[in-house]
Amino acid sequence: MAYDRYVAIFRPLHYGTLLGTRACVRMAAAAWATSFLHAVLHTANTFSIPLCQGNVLDQFFCEVPQILKLSCSQSYLREVGLLVVSTSLVFGCFIFIVLSYVQIFTAVLRMPSEQGRHKAFSMCLPHLAVVSLYMSTGLFAYLKPPSISSPGLDLVVAVLYSVVPPAVNPLLYSMRNKELKGALNKLIQMILVQQK
């Protein structure tokens, strides 16, 4: 999304060429490959650790930190290795997104038209909000100190980064749709009238 917005703002005449089918397939393949690598590393680690504290997790998500709590071996090196790989993958994506948006925002702020700035910001801010929510809660879930860990907090954080961004994503992107805004305004007015 960040690259899409970058090309749309900086190279609008070359948009079809730069983001054609071939480029989209390459970007999707890169995302799938890194996700697959990440998943294989976590799965291999999970199946290689001995579990001696039972097989019941404190939450309904099969999260790696929860599985590591059940391990009876010292999994420090595995945990650090997976943390380094995961953090470098996430950090690489985050840096790419931040650099794209820094360039986008500097270009948008130089626009003379207030309407143009508003349109450009309304295109970029929903994506940035969803990515920020996902990354901040995900990083907090995996990098928080064990001293503040509790089953309730772990569950809330896991729901925040795995359920909320995909659920909020369609809503944020569809808020630019005039029909949806009109329907939402009618719904709110109807609720307010019923409460009176």
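The values are calculated or read from the model by the stated rules, or taken from the named source; none is laboratory data. As the structure is a computational prediction, the values presented were derived from the model and not from experiment. Using ideal geometry, Cβ is built from the backbone for each residue, glycine included, and neighbour counts are taken over all protein chains shown.
Tabulated data for the structure shown
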| item | result |
| --- | --- |
| From the options Phe47, Phe61, residue that is modelled with pLDDT under 80 and either outside any helix (DSSP H, G or I) or not aromatic (Phe, Trp, Tyr) (or both) | Phe61 |
| Qualifying position, being within 14 Å of the chain's Cα centre (by Cα), free of Cβ contacts under 8 Å to residues at least 24 places away in the same chain and closer than 26 Å to Ala8 by Cβ, among Pro170, Pro165, Pro126 | Pro170 |
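Conditions tested, residue by residue: (1) touching a residue at least 40 places away in the same chain (Cβ under 8 Å); (2) surrounded by 11 or more Cβ atoms within 10 Å (Cβ to Cβ).
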{"residue": "Asp4", "(1), (2)": "no, yes"}
{"residue": "Ala8", "(1), (2)": "yes, yes"}
{"residue": "Pro12", "(1), (2)": "no, no"}
{"residue": "Gly16", "(1), (2)": "no, no"}
{"residue": "Thr21", "(1), (2)": "no, no"}
{"residue": "Ala29", "(1), (2)": "no, no"}
{"residue": "Ala33", "(1), (2)": "no, no"}
{"residue": "Val40", "(1), (2)": "no, no"}
